[in-house]
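Okay, structure first, notes after.
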Amino acid sequence: MKKLISLKKRSDFLALRGKEVFFSKYFILQFSPTNTQDDLLFGLVASKKIGCAVKRNKAKRRMREMFRSIATPEISGGKIVMIARYKLVDACYADVLNDLKKSLSKSI
């Protein structure tokens, strides 16, 4: 199983800004492959456009759980930033997860 490491510094988030971008109705995904195949670095963003703090926290919990469920040996190592859109909070979890898998399959 891959080791999940979260991005903490602003500079890590900004480094992914010009890389591969995938748009979904639930989120925006920025991806950059790394040389190491072991670790999956991920960052979560839920801005105030999502809603109040309760909705932002729910969006971050959902995104975190999605990353845990997709951290399989088939996914190569890389850096991923997932930016939530307001529809993510009310959407069905399975729909969002399928959307994430499609986006990652395009990037790999």
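The values are calculated or read from the model by the stated rules, or taken from the named source; none is laboratory data. Bear in mind the structure is a predicted one, so any value in this text is a computation, not a measurement. Virtual Cβ from ideal backbone geometry, glycine too; neighbours counted across all protein chains shown.
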> Name the pairs whose Cβ atoms lie under 8 Å apart, with the first residue in segment 77-100 and of a type in the set (Asp, Glu), the second surrounded by fewer than 21 Cβ atoms within 10 Å (Cβ to Cβ), and 6 or more positions between them or separate chains?
Replying inline: Asp99/Ser24; Asp99/Lys25
> Which of the residues that make up segment 9-27 are loosely packed, with under 10 Cβ neighbours inside 10 Å and closer than 13 Å to Phe42 by Cα?
Replying inline: Lys9, Arg10
> Looking at segment 2-10, is at least one residue closer than 17 Å to Gly77 by Cα, among the small types (Gly, Ala, Ser), outside any helix (DSSP H, G or I) and in contact with an Asp or Glu (Cβ under 9 Å, 6 or more places away or on another chain)?
Replying inline: no
> Out of all the residues in segment 79-104, which are charged (D, E, K, R) and surrounded by fewer than 21 Cβ atoms within 10 Å (Cβ to Cβ)?
Replying inline: Arg85, Lys87, Asp90, Asp95, Asp99, Lys101, Lys102
> For residues in segment 51-108 being among the polar types (S, T, N, Q) and closer than 13 Å to Phe27 by Cβ, which is modelled with the highest pLDDT?
Replying inline: Asn98
> Which residues, taken from segment 89-106, are in contact with a Phe, Trp or Tyr (Cβ under 6 Å, 6 or more places away or on another chain) and closer than 12 Å to Met66 by Cα?
Replying inline: Val96, Asp99
> Of all residues in segment 1-50 being among the small types (Gly, Ala, Ser) and under 19 Å from Ser69 (Cβ atoms), which is modelled with the highest pLDDT?
Replying inline: Ala46
>> Yes or no: segment 11-25 includes at least one residue that is closer than 22 Å to Cys92 by Cα, out of contact with any Leu (no Cβ under 6 Å at 6 or more places or on another chain) and in contact (Cβ under 8 Å) with a residue 40 or more places away in the chain.
In response: yes
